[in-house]
Amino acid sequence: MITFLSGGTGTPKLVRGAREHLPDKEIAVVVNTAEDIWISGNHLSPDIDTLLYLFSGSLNTDTWWGVRGDTFRTHEELLTLGVDEYIGIGDADRALHIARGDLLRNGSSLTEATSTLCSRLGIAARILPMTDEEVATLIRTDSGTIHFQEYWVKHRGKLPIREVIRYSPTGPSATGEVLQAIRDADLVVIGPSNPVTSILPILECAGVIPALMDQFVIAVSPFIGDAPISGPAGALMRARGLAPDSAATFSLYREFCDLFVQDIRDPIDVPGSLRCDTLMTSGEKSAALAGSLIAAVRGR
Ligand code: GDP
């Protein structure tokens, strides 16, 4: 079994590739929930949603969020009615958020709600929220502190970041299901997700790092040179006082990482790293990278 730690773009691309090598029931994905937000009365969990759509076969892989071919009728009506719904939520996507919102309002934990949705969508993989407690990534800007979604979607990542703040009133702790999935794995993979907003929130959940120490962990860099393949990872690393590159990413994972993977084009040298083509621009390339990781764990 492979257990992934995942955000909503880079690692799901690698999970797509892993599905070519092993059945879905042999895959578990521990998912960041620090970008979750209640919006227009419903519960958006962007990274979990991407994985639900990936495994159910409906993901829009042009954007790596939302449902392929979705319509935006309700979103457009809400804007006409003056509702400041700053995230363009598709109609089918919203149906999922309504269903999850209802489960949560009726007392399910996020883990239970996700498991219910997996059953209803016929998903055999285990999609596991990192925690059932409230966590949010907030961005302090010159004009106030805002939710990460507001920074990235409403302001298109253009505001200078003064500080990245993790808000969690209670902890947070990893769920028992998450710790079990790490312990049961033959291989744990930290995919090429945004270190600051996707992977660190998972690592900050109590119990995760000790569980990783006992396992063989491979981490894949989301950077080539001093830039991420996509998204705001560079600015977020700088805001944490880190260089936006593979060496700084490795420094965050060094304690428990057994094998670090860098792209063949990356000019930064992390001694001992495995060099692969990590640009997953097609299903075939995702499968080839996943295959190299599986070969690395078998060959050790
Ligand atoms: P988010 O939740 O949407 O921010 O997505 P993730 O955190 O899962 O992934 C974002 C990161 O994925 C970015 O920092 C990108 O550099 C990285 N990324 C996207 N596509 C690829 C790819 O094909 N290869 C690699 N190595 N990294 C990628």
(request) Using only the Cα atoms of the stretch 1-68, construct the convex hull and provide its projected area averaged over every direction, in square nanometres to one decimal. (result) 4.7
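What number, in percent, do you get for the relative contact order of the stretch 51-192 if the mean sequence gap of Cα pairs under 8 Å and at least 6 apart is divided by its residue count? Kindly include the intermediate steps, with their values, before the conclusion.
On the way: 154 pairs, mean separation 25.3, N = 142.
The value is 18 percent.
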(message) Using the Karplus curve 6.51 cos²θ - 1.76 cosθ + 1.60 with θ = phi - 60°, what ³J(HN,Hα) values do you get for each residue of the stretch 214-223, in whole Hz, with x for Gly and Pro?
(response) 8, 10, 7, 10, 10, 10, 10, 6, x, 10
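Restricting to Cα pairs below 8 Å that are 6+ residues apart, what does the relative contact order work out to for the chain? Please round to a whole percent. Walk me through the numbers on the way to the answer.
Values: 576 pairs, mean separation 62.6, N = 300.
After rounding, I find 21 percent.
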(request) Distance between Cα centroids, the stretch 177-248 to the stretch 10-46: provide it in whole Å. (result) 14
(request) Using only the alpha-carbon atoms of the stretch 75-219, report the extent along each of the three principal axes, biggest first, to the nearest angstrom. (result) 52, 40, 28
(request) Provide H43, H147, H21 in ascending order of the number of other Cβ atoms located within 10 Å of each residue's Cβ, fewest first. (result) H21, H147, H43
(message) Below 14 Å, Cα to Cα, which aspartates and glutamates can K25 reach? Residues fewer than 8 away in the same chain don't count.
(response) D184, D186
(message) Tell me whether the stretch 112-185 comes out rounded, prolate or oblate; compute the Cα gyration tensor, take square roots of the eigenvalues as a ≥ b ≥ c, and use a/c under 1.5 as the rounded threshold.
(response) prolate
(request) May I ask you to order 217-229, 62-74 by the average number of other C-beta atoms within 10 Å around their residues, highest value first? (result) 217-229, 62-74
(message) For the ranges 175-181, 46-52, 265-271, what's the packing order if you count other beta-carbon atoms within 10 Å of each residue, average per peptide, and put the highest first?
(response) 46-52, 175-181, 265-271
(message) Please compute the volume of the convex hull spanned by the alpha-carbon atoms of the chain and report it per residue in Å³.
(response) 124
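For the stretch 6-101, what does the relative contact order come out to in percent, with C-alpha contacts under 8 Å and a separation of six or more? Each step should come with its number before you reach the end.
On the way: 108 pairs, mean separation 24.3, N = 96.
About 25 percent, as a whole number.
The numbers here are math on the coordinates, done by the rules we state, and not lab data. Just so you know, these numbers come straight off a predicted model, no measurement behind them. With ideal geometry, Cβ positions are generated from the backbone for all residues, glycine too; neighbour counts draw on all protein chains shown.
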